[in-house]
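Below: one structure, written as structure tokens.
The values are calculated or read from the model by the stated rules, or taken from the named source; none is laboratory data. Nothing here was measured: the structure is a model prediction, and the numbers come from that model. Cβ placement follows ideal geometry from the backbone for every residue including glycine, while neighbour counts extend to all protein chains displayed. Please note that ligands, DNA and RNA were not included when accessible areas were found on the heavy atoms of the full protein model with its side chains. Shrake-Rupley method; radii C 1.70, N 1.55, O 1.52, S 1.80 Å.
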Amino acid sequence: VFYLSKCVFWVNILYMENPEFLKQKYNNLHTSREVKSANRGEIFQRPNIQIQNYLDRLERIILDPKKEQKRIKAGDGSNRPRALSLLREMVMNEYVRPNKDKLAEGAAMVEERVARQMGIDMHYGEEQLEQRGEIAVKDLESSLDQWISYLSDLNEPYPMWFRYYTFRNILDLGEYDKDKQEFPKRTAGTNRLFPDIDRGALARIQDIIECSKDPAQLERFRTAQIATQTPEDQLLTAKKAKAFSNMSFAKQYAESIQESGEITPEMRAETKGKWIKYGKDSDPTALWASLQNKGTAWCTKGFATAETQLKGGDFYVYYTLDKTGKPKIPRIAIRMQEGNISEVRGVADSQQNLEGNMVDIADQKMSELPGKEKYQKISADMKKMTELAKKQEKGEQFTKEDLIFLYEINDSIEGFGYKKDPRVKEIRTKRNLEEDSPIIFECSPNQIAYKKEDLKPDTKAYIGEWTPEVLKLLPETCTHIYEEFPNKKVFLRTIETDQSIQSAENAERVLGEKGFKVYDTAKEILQKTPFSKEKKEYKLVSFSVGQLGFSNGALLKDIYKKAKELGLELCPAEVGPQLRLQYKDQSNGEYLRIALETINDSDGDPRVFSVIRDGDELWVSTGWGNPVDGWSGVDRFVFLRRK
């Protein structure tokens with residue numbers, strides 16, 4: 001036992017992810033409740049070992065590298081590991097939602113003051129304050145969600161200790177103050193959003209902290225600096241690295257952002273340049289050096305990150321000419337992984353979208369590389385966005401096809417960055433929706449209804465509150481239905497059963513052959529699902545629990561009872577897999593539960609089918625089906641329309 005214990009001790013020492021740094025930053029971290037709960041039954045209880053065990057546990061439950069957890073819908077609409085979804089709710093309840101009243105008062109005070117300066121007498125009443133508070137909470141949640149998504153992304157190259165360190169500190173900071181060049185500390189009720197993500201700055205922080213703890217890493221970093229002719233007084237030393245490590249995260253982040261440099265408008269106008277390939281497993285020095293102080297937000301600016309990414313595959317960078325005529329300004333990055341294109345990033349904004357004048361150059365390069373098929377639609381979409389931006393700038397008329405594309409009527413607009421191309425919002429904001437919508441829907445303005453009272457026999461489009469009562473009033477001519485245009489299209493469709501599935505035995509096989517993912521519990525209840533031998537037609541509609549009259553949520557048995565009272569029916573079980581086969585255009589993050597008579601899984605737990613889109617993956621999953629299970633007001637169910 002003693003020998004094995006020693007082995008465990010040294011294995012832990014060899015593979016630690018820098019717990020010593022966390023121990024020094026947070027003296028009592030190893031005595032905290034969450035760390036102690038991760039160390040029950042451990043032979044060694046040294047602080048560093050305890051912290052490392054905690055980090056290992058965080059990696060299992062937050063990153064879920066083996067995909068062992070059930071995915072559930074988080075408050076932002078995304079599907080995440082259950083533990084991460086619960087963590088998000090805890091964080092929001094701790095740092096955002098309790099401050100709703102203070103947020104509303106603070107926002108109102110600022111807006112009323114601005115209005116007075118403009119000669120407008122404005123005062124928020126109780127109802128307006130309530131609405132303002134809800135808006136402020138939503139903005140802050142969105143601001144914090146970007147960090148939760150980024151730091152829980154298994155594909156990002158950060159070790160767990162750094163993810164923990166970053167998130168713990170971000171919770172206490174407001175957005176960057178450019179005038180003071182600092183991050184203000186958050187106070188309860190502050191209207192400041194959480195900081196933006198600067199991936200390059202984060203990579204720099206990780207580099208220097210690791211250099212402060214590892215002499216070998218410091219030596220490699222200095223060697224890279226010397227190889228790129230860094231001035232003597234700017235070389236990193238053990239003293240400088242230690243001093244940086246001892247600084248607060250707020251100061252580390254602010255300093256690293258200031259070191260990023262910038263790309264001027266003149267630089268952005270230049271398109272002439274050169275592609276440079278950095279081979280798989282090559283020394284990261286040249287790639288790393290070429291990105292320093294060049295204004296990119298790429299995490300590849302970190303030495304450790306560049307090294308990690310080169311281990312995964314080749315890396316291509318397109319450099320445009322600088323003032324001296326040399327290709328030195330990084331504008332496009334293409335990262336390969338397992339022989340295929342894995343990422344394409346630009347420098348248009350902090351989300352790494354491509355600039356409009358770089359799309360053709362990226363497209364040409366991608367055409368030469370394996371895995372290009374995945375990016376063909378993105379390239380086409382970005383070219384179209386560039387075309388529309390030019391039309392808008394020149395004041396030219398948009399065609400019907402232009403508007404259908406801009407408002408994403410038939411398909412979503414995809415970009416190269418982490419978030420949607422900002423030009424989509426910019427162009428839409430400048431347009432008149434009431435003028436555009438009749439062109440899109442091919443009707444006159446008076447054939448568009450915005451509330452149920454406006455519905456007429458010749459109504460062609462409805463944009464407004466969605467309830468079972470509205471469904472009953474819709475005329476046959478109304479084929480365009482939105483809760484909010486263009487972002488919330490109503491789910492209302494008719495499906496016919498796919499005759500390739502006529503038995504439980506071949507259902508899983510057919511779904512797999514057609515590229516759909518199936519959760520284990522879904523596989524279990526598929527085997528108990530009866531399938532039609534003849535073609536059947538199902539008219540389906542979706543409502544949230546709130547739209548059925550339960551804004552604060554309800555039990556499943558009450559949801560089903562109310563739905564029947566409102567003229568809706570439960571679906572046959574086969575609707576779950578059949579809808580999955582045909583609902584290929586499902587929006588990312590959407591989670592629809594099929595209202596059906598529950599089916600027990602192998603553990604005897606009642607389940608219902610769910611259809612989910614998570615990124616590029618379309619899933620058949622399950623949701624809890626116990627009659628006394630509670631569902632929130634935003635949870636959505638698919639029902640059968642009563643004949």
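Could you sort Glu355, Glu483, Glu105 by accessible area so the largest value comes first, with the probe set to 1.4 Å?
Working: Glu355 15, Glu483 50, Glu105 110 Å².
Ranked list, largest accessible area first: Glu105, Glu483, Glu355.
Per residue of region 152-169, what does 6.51 cos²θ - 1.76 cosθ + 1.60 with θ = phi - 60° give for ³J(HN,Hα)? Whole Hz please, x for Gly and Pro, Karplus curve as stated.
9, 7, 4, 7, 6, x, 8, x, 5, 4, 6, 4, 4, 4, 5, 5, 4, 7
What percentage of the solvent-accessible surface of the chain, computed with a 1.4 Å probe over protein heavy atoms, is contributed by carbon and sulfur atoms?
C and S fraction of accessible area: 49 percent.
Rounded to the nearest whole Å³, what is the per residue volume of the convex hull around the Cα atoms of region 534-643? Kindly include the intermediate steps, with their values, before the conclusion.
On the way: hull volume 12.0 nm³, N = 110.
Expressed per residue, the convex hull around the Cα atoms of region 534-643 is 109 Å³.
Where the centre of each part is set by its Cα atoms, how far does region 450-497 sit from region 274-304, in angstrom?
The distance from the Cα centre of region 450-497 to that of region 274-304 comes to 51 Å.
Between Leu618 and residues 5 or more places away or on another chain, which pairs have amide H atoms under 5 Å apart, with H built 1.01 Å from N, and which residues are they?
Amide H neighbours of Leu618, under 5 Å, 5+ apart: Lys517.
How many percent of the alpha carbon pairs in the chain exceed a separation of 38 Å? Write out the running numbers ahead of the final one.
Numbers: 92096 of 206403 pairs.
The answer is 45 percent, as a whole percent.
According to a simple spin-label model (label point 7 Å from Cα along Cα-to-Cβ), what is the distance in nm between Gln582 and Asp629?
2.5 nm
Please work out, to two decimal places, the log10 of the ratio I(q)/I(0) at q = 0.13, 0.22 Å⁻¹ from a Debye calculation in which every Cα of region 143-265 carries one identical scatterer.
After summing over all Cα pairs, the log10 values are -0.59, -1.37.
First measure r as the distance between the Cβ atoms of Lys390 and Ile135, then evaluate 1/(1 + (r/R0)^6) with R0 = 22 Å and state the FRET efficiency to the nearest 0.05.
Details: r = 33 Å, r/R0 = 1.52.
It comes to 0.10.
Once a ≥ b ≥ c are taken as the square roots of the eigenvalues of the Cα gyration tensor of region 247-389, is the result rounded (a/c under 1.5), prolate (a/b larger than b/c) or oblate (a/b not larger than b/c)? Intermediate results must be reported in sequence, preceding the final value.
On the way: a/c = 1.57, a/b = 1.18, b/c = 1.33.
Oblate.
Taking the Cα centroid of region 374-415 and of region 85-102, what is the distance between the two, rounded to the nearest whole Å?
37 Å
With a probe of 1.4 Å, find how much accessible area region 326-451 has per residue, and write the answer as a whole number in Å². Mind dumping the intermediate values first?
Details: 6280 Å² over 126 residues.
That works out to 50 Å² per residue.
Note down the relative contact order for the chain as a percent, whole number, built from C-alpha pairs under 8 angstrom at least six residues apart. Kindly include the intermediate steps, with their values, before the conclusion.
Values: 1001 pairs, mean separation 46.6, N = 643.
RCO, the chain: 7 percent.
In Å, the Kirkwood hydrodynamic radius of region 542-592 over pairs of distinct alpha carbons? Before the final figure, lay out each step's value.
Details: mean 1/r = 0.0794 Å⁻¹.
Every distinct Cα pair counted, the radius reaches 12.6 Å.
Ignoring ligands, DNA and RNA, what accessible area per residue does region 266-315 give at 1.4 Å, in Å²? Working shown, then result.
Values: 2120 Å² over 50 residues.
Roughly 42 Å² per residue, with all protein chains present.
Report the Cα centroid-to-centroid distance between region 558-633 and region 127-188 in angstrom, as an integer.
33 Å
Taking each pair of different alpha-carbon atoms in region 363-498 once, compute 1/r for the pair, average those values, and report the inverse of that mean as the Kirkwood hydrodynamic radius in Å to one decimal. Display every interim value, and only then the final one.
Values: mean 1/r = 0.0587 Å⁻¹.
One over the average 1/r among Cα pairs gives 17.0 Å for region 363-498.
Counting only helical runs of four or more DSSP H residues, what would the 222 nm mean residue ellipticity of the chain come to if each run contributes -39,500 (n - 2.57) and the total is spread over all its residues?
On the way: 25 runs with 269 residues, N = 643.
Helix-only estimate at 222 nm: -12500 deg cm²/dmol.
Helix 126-151 against the longest principal axis of the chain: what's the angle in degrees, Cα atoms only, rounded to the nearest 10?
Value to nearest ten degrees: 50.
Counting only the heavy atoms of the protein chains, how much of Asp520 is accessible to a 1.4 Å probe, in Å² to the nearest 10?
Its heavy atoms expose roughly 100 Å² to the probe.
Sort Lys178, Lys420 by heavy-atom solvent-accessible area, probe 1.4 angstrom, most to least. Mind dumping the intermediate values first?
On the way: Lys178 165, Lys420 95 Å².
Largest to smallest exposure gives the sequence Lys178, Lys420.
Heads up, I need the accessible area for Glu617: 1.4 angstrom probe, whole protein in place, Å², nearest 10.
About 70 Å², rounded to the nearest 10.
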